[in-house]
Amino acid sequence: MSDIRTQLIHHPYRAPAEFDAVPVAVHKASTVFFNNVADLRSRRWKDKSGYTYGLHGTPTTFTLEERLATLEGGRYCLLAPSGLAAVALVDTAFLQQGDEMLLPDNVYGPNQTLADGELVGWGITHRFYDPMDPADLAAKITPATRLVWLEAAGSITLEFPDLPALTAVIRDANAARGVGARPIVSALDNTWGAGIAFNGFELGADVVMHALTKYPSGGADVLMGSVVTRDPALHHMLVDTHMRFGIGVGANDAELVLRGLPTTALRYEAQDRSTRVLAQWMSERPEVACVLHPALPGSPGHLTWKRDAMGAACLFSAVFKPEFSQPQIDRFCDSLQLFHLGWSWAGPISLCAPYDVPSIRRLPWPHAGGLVRFAVGLEAVDDLRQDIEQALRALRG
Ligand SMILES: *Cc1c(COP(=O)(O)O)cnc(C)c1O
């Protein structure tokens, strides 16, 4: 080892072990060394008892997985490079050709887009159920049904479903199916509840998916998703699909989510408080027909929310009175100064976006006016209220 090129790589110095500090260390690797051939042959990564290859886990990703399993009240966790990739992991782990998936009518849009695209191409069909009517879910289940997605609150329109009633329908259908039959898996998209507002498993879900892009990140700077389970058999199906697709997350991204986790509950509560103030205030405005927000009496599912949830996240949707045209509503959105136009939510900056609900739904939509969804950030709530107030003047102008 006289050559400097070799010496710089195979250097004998080792820093002392046990560097102990607040942050979790950021471990990066494709290759992981084995001590000898016996070690190479025997080491296992599936139960996190060892390291074999960067894609199969590092101390950084294993730590993040454990903390997220704790957040969701589950036992096992897998990471995906976005929330949507976590949705795709669930779909591909549990669905085969000939199977059917049921989606709530107010499902997160790209979940449906994936179903319309690749899943249909692979011979996997999907239908929609009314998330506010457990009897409708029961009626939609067929022998081919293998996966039911749940979302609380629903995307954009924020109806809060009766998760215990919906998951009871699925449990009953599985009991009627008998031994040996592949059961229906219930998967909850828990991005809104974030593991803070309620425990998805205690409300009956088998699988809890979370877009960490939102609350756990909190910085609008990283994309990631997680899939948490309690049942080892479901976890192992997910692990196999996860490994075969080569799904992994970058160490720096894992670091950002680990950095956001300790403040997740505090940010959730702060944004929840501001959101309730703004939702209530907006619901009293003369320009507004109604505000959709689970904590507002009269919002769909309010009583269920009150029974099952301890938080209400950072989203509310305002439905304008029908006298206001879409160009006027667009001008309102363009006039907001603190609220930026953009997707995603749970970051520091407040956001808004107009939606044409009838064009993305199948169930009848009872409102005639346009809808704007607000995502409340961490700004002072009075500043946000004044911003909406000045933009409402532009709506009339
Ligand atoms: C944002 C979001 C996702 C997808 O997360 P990405 O990381 O943006 O892919 C999934 N479900 C819900 C409810 C979301 O809000």
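What number, rounded to the nearest 500 deg cm²/dmol, is the helix-based mean residue ellipticity at 222 nm of the chain, given -39500 (n - 2.57) per DSSP H run of at least four residues and division by all its residues?
Values: 13 runs with 140 residues, N = 397.
Helix-only estimate at 222 nm: -10500 deg cm²/dmol.
Hey, with R₀ at 25 Å, roughly what FRET efficiency would Arg75 and Arg244 work out to, going by the Cβ-Cβ distance, to 0.05? Could the numbers behind the result be given before it?
Numbers: r = 22 Å, r/R0 = 0.88.
Efficiency for this residue pair is about 0.70.
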Multiply the residue gap between Glu118 and His236 by 0.36 nm, knock off their C-alpha separation, and tell me the result in nm, one decimal place.
-> 40.2 nm
Check each of the chymotrypsin sites (Phe, Trp or Tyr not before Pro) in the range 53-141 and keep only those in coil by DSSP with at most 13 other C-beta atoms within 10 angstrom; list them in order.
-> none
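Test of understanding: what is the full-extension gain from Trp365 to His10, defined as 0.36 nm times their sequence separation minus their Cα-Cα distance?
Values: separation 355, 0.36 × 355 = 127.80 nm, distance 6.68 nm.
So the extension gain works out to 121.1 nm.
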Of Cys77, Leu341, Ile124, whose Cα points farthest to the positive end of the dipole of the chain (charges on the beta-carbon: +1 Lys, Arg; -1 Asp, Glu; origin at the Cα centre)?
-> Cys77
If you project the alpha carbons of the range 264-396 onto their three principal axes, what span does each projection cover, largest first, in Å?
-> 38, 34, 26
For the chain, give the percent of accessible area contributed by carbon and sulfur heavy atoms, probe 1.4 Å, rounded to a whole number.
-> 57
Among the listed pairs Lys46/Lys214; Lys48/Lys214; Lys48/Lys306; Lys140/Lys306; Lys28/Lys306; Lys46/Lys306, those beyond 32 Å (Cα-Cα) = Lys48/Lys306; Lys28/Lys306; Lys46/Lys306
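What does DSSP give for the chain in terms of the percent of beta bridges that are antiparallel, rounded to the nearest 5?
Details: 25 of 43 bridges.
Beta bridges within the chain, antiparallel portion: roughly 60 percent.
Placing unit charges on C-beta atoms (Lys and Arg positive, Asp and Glu negative, everything else neutral), compute the dipole magnitude of the chain about its Cα centre in debye, rounded to 20. Before the final figure, lay out the partial values.
On the way: 34 positive and 43 negative charges, 132 e Å.
For the chain, the charge dipole is close to 640 debye.
Averaged per residue, what accessible area in Å² does the chain show with a 1.4 Å probe, protein chains only? Please report the intermediate quantities before stating the final value.
Values: 18450 Å² over 397 residues.
Per residue, the chain has 46 Å² of solvent-accessible surface.
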Evaluate the Debye formula for the chain with equal point scatterers sitting on the alpha carbons, no solvent, and hand back log10 of I(q)/I(0) at q = 0.12 Å⁻¹, in q order, two decimals.
-> -0.96
Surface accessible to a 1.4 Å probe, Val37 within the full protein complex, Å² = 80
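Report, in debye and to the nearest 20, how large the dipole of the range 264-396 comes out about its Cα centre when Lys and Arg carry +1 and Asp and Glu carry -1 on their Cβ. If you can, show how the numbers build up before the last one.
Numbers: 14 positive and 14 negative charges, 79 e Å.
So the magnitude is around 380 debye.
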Potential extension, Asp3-Asn36 segment - 0.36 nm per residue separation minus Cα distance = 9.3 nm
Estimated FRET transfer efficiency when R0 is 35 angstrom, pair Leu378-Ser325 (beta carbons, to 0.05) | 0.60
With all protein chains present and a 1.4 Å probe, the order of His10, His242 from largest accessible area down is His10, His242
Of Ser226, Ser30, Ser283, which has the most accessible area and how do the rest follow, probe 1.4 Å?
-> Ser30, Ser283, Ser226
Take the chain, connect every pair of alpha-carbon atoms lying under 10 Å apart with a spring to form a Gaussian network, then pick out the residue of Ala346, Ala368, Ala318 with the largest mean-square fluctuation.
-> Ala368
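The values are calculated or read from the model by the stated rules, or taken from the named source; none is laboratory data. Note that the structure is predicted; figures quoted are calculated from it, not measured. As a convention, Cβ positions derive from the backbone with ideal geometry for all residues, glycine included, and neighbour counts pool all protein chains shown. Ligands, DNA and RNA are stripped out before the accessible areas are found, and what is left, the full protein with its side chains, is counted by its heavy atoms. Shrake-Rupley method; radii C 1.70, N 1.55, O 1.52, S 1.80 Å.
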